[in-house]
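Worksheet: the structure to be examined is printed underneath.
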Amino acid sequence: MTVKPKRLSLEDAIALVKDGDQVFTGGWTVVRRPMGLVYEIVRQKRRGLYLCANPGGPEVDLLIGAGCARVGEINYIGHEVFGHPYCFRRAVENKASPDYLHDDWTVQTGALRILAGSMGVPFLPSLSLKGSDIILPERDPLKELRGDDPKLPKQKVAVIKDPFWEGQEVVLVPALRPDVCLIHAQEVGEKGTVYIRGGTFLDYHAALASKLVIVSAERIVPEAELRSRPEANAIPGFTVDVIVELPFGAHPTALYGYYDNDPWWFRDYLEASKKEEEFRFWLNDWLLDCGGHAGYLKKLGNTRLEHLRSDPEKGYNAEIRRRLDKLEEVSEI
């Protein structure tokens, strides 16, 4: 019997992700995204990925812009108050040569899909999509692939009459069973127990639903240390396959208790992502040519990283402005 989890380097962990895998990214919009893991996917030039997140943030926009993604089954994609996902927008608007196909969902039904996967059931019922254009067959961007592509449900949804009570129509949403789940957390135990401060979001269910679970963390710690404060242990070790120690692995998104959002990163990324040529320059400068994660942190610089540190009592940095038009109110870094 294989002993879980394996402690691997960032490079070796992401080498387990294959072209064409369906990948779920943990966290929420601009909070606790597995950015370091995603950066390495870009560096290793994975292609044809099926993305699922609930909802999507900068990691999804980046994977689409870098040409790593083929299909997305996601609801919201964006940077919240920081701005617009221009790579995603470009890909969706490119009707002449659609290299990326986006299947739109809602936050609620996206959550039901990953919940169904974690429960091991093929679908769950919902009333929320009744009357929505999202489920119209003629609006389904993946309809030509359904039935032939084993990673996609044969139809987007099914509608049945309630067989138990009043007989009203109920929408059935198919389960998500990702090939890979990527999570970044504050700490992970040597045996895989995942310690998360702040919102856990859907990470627990995604870990249960996925075939391969890779967890990066600021620190890998003895399991005994986690047992002393079990109330924040969010994911059991038996679900985790690979652990990676990766300081600032969520940057530029916030990690409660460690560091806050980096608004300067978002400012520069958003400006670069508006145009394909400028985005390619940014990609080479910040990810492909800087020497891996260590080079990325060196490029950011200790002064900048320390500036983002959270207040130990508040868990976040009260000095960080979360509106790009307010950056002039704080010192440039």
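Residues checked against (1) in contact with an Asp or Glu (Cβ under 7 Å, 6 or more places away or on another chain); (2) over 17 Å from CYS52 (Cα atoms); (3) crowded, with 16+ Cβ neighbours inside 10 Å:
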site	(1), (2), (3)
ASP99	no, no, no
ASP103	yes, no, yes
ARG113	no, no, yes
GLY120	no, yes, no
ASP133	no, yes, no
PRO150	no, no, no
VAL157	no, no, yes
TRP165	no, yes, no
VAL171	no, yes, yes
Original post:
Can you pull out the residues in region 28-54 that are within 9 Å of the chain's Cα centre (by Cα) and more than 23 Å from PRO150 (Cα to Cα)?
Top reply: TRP28, THR29, ARG32, ARG33, PRO34, MET35, VAL38
Original post:
Taking ALA66 and the conditions (1) touching a helix residue (DSSP H, G or I) at 6+ places or on another chain (Cβ under 6 Å); (2) without any contact (Cβ under 8 Å) to a residue 60 or more places away in the chain; (3) more than 30 Å from TYR316 (Cα to Cα); (4) among the hydrophobic types (A, V, I, L, M, F, W, C), which numbered condition does it fall short on, given that it satisfies the others?
Top reply: (2)
Original post:
Which residues, taken from region 15-61, are among the aromatic types (Phe, Trp, Tyr) and either modelled with pLDDT under 95 or in contact with a helix residue (DSSP H, G or I) (Cβ under 6 Å, 6 or more places away or on another chain) (or both)?
Top reply: PHE24, TYR39
Original post:
Would a scan of region 49-71 turn up a residue that is among the hydrophobic types (A, V, I, L, M, F, W, C), out of contact with any Phe, Trp or Tyr (no Cβ under 6 Å at 6 or more places or on another chain) and surrounded by fewer than 20 Cβ atoms within 10 Å (Cβ to Cβ)?
Top reply: no
Subject >> Scan of region 134-168 for residues that are in contact with a strand residue (DSSP E or B) (Cβ under 9 Å, 6 or more places away or on another chain) and outside any loop (DSSP other than H, G, I, E, B), ordered by number >> reply: ILE134, ILE135, ARG139, ALA158, VAL159, ILE160, LYS161
Original post:
Across region 175-195, which residue is surrounded by the most Cβ atoms within 10 Å (Cβ to Cβ) among those that are among the β-branched types (Val, Ile, Thr) and over 11 Å from LEU226 (Cβ atoms)?
Top reply: ILE183
Original post:
Which residues, taken from region 94-133, are over 23 Å from ALA69 (Cα atoms), hydroxyl-bearing (Ser, Thr, Tyr) and either touching a Lys or Arg at 6+ places or on another chain (Cβ under 9 Å) or in a strand (DSSP E or B) (or both)?
Top reply: SER126
**OP:** Would you point out which residue out of ALA217, ALA250 is closer than 23 Å to VAL81 by Cα, modelled with pLDDT of 95 or more and of a type outside the set (D, E, K, R)?
**Re:** ALA250
Original post:
Yes or no: TYR316 surrounded by 15 or more Cβ atoms within 10 Å (Cβ to Cβ) and modelled with pLDDT under 95?
Top reply: yes
**OP:** With the condition kept exactly as written, say whether any residue in region 204-211 is under 24 Å from the mean Cα position of the chain (by Cα) and of a type in the set (Ser, Thr, Tyr).
**Re:** yes
Subject >> When residues of region 1-39 are limited to those that are closer than 18 Å to GLN186 by Cβ and of a type in the set (D, E, K, R), the one surrounded by the most Cβ atoms within 10 Å (Cβ to Cβ) >> reply: ARG33
Subject >> Residue list for region 261-312, filter: part of a loop (DSSP other than H, G, I, E, B) and either surrounded by fewer than 19 Cβ atoms within 10 Å (Cβ to Cβ) or not hydrophobic (A, V, I, L, M, F, W, C) (or both) >> reply: ASN261, ASP262, LYS274, LYS275, ASP289, CYS290, GLY291, GLY301, SER310, ASP311, PRO312
Original post:
Are there any pairs with C-beta distances below 7 angstrom linking a residue in region 107-130 that is more than 21 Å from TRP28 (Cβ to Cβ) to a residue that is of a type in the set (A, V, I, L, M) and part of a loop (DSSP other than H, G, I, E, B), with the two at least 6 apart or on different chains, and if so which?
Top reply: VAL121/ALA175; PRO122/ALA175; PHE123/ALA175; LEU129/VAL157
Original post:
Is it fair to say ALA206 is in contact with a strand residue (DSSP E or B) (Cβ under 9 Å, 6 or more places away or on another chain), of a type in the set (A, V, I, L, M) and free of Cβ contacts under 8 Å to residues at least 60 places away in the same chain?
Top reply: no
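The values are calculated or read from the model by the stated rules, or taken from the named source; none is laboratory data. Please read these numbers as outputs of a predicted model, since none were measured by experiment. Here the Cβ is made from the backbone with ideal geometry for all residues, glycine too, and neighbour counts use every protein chain on show.
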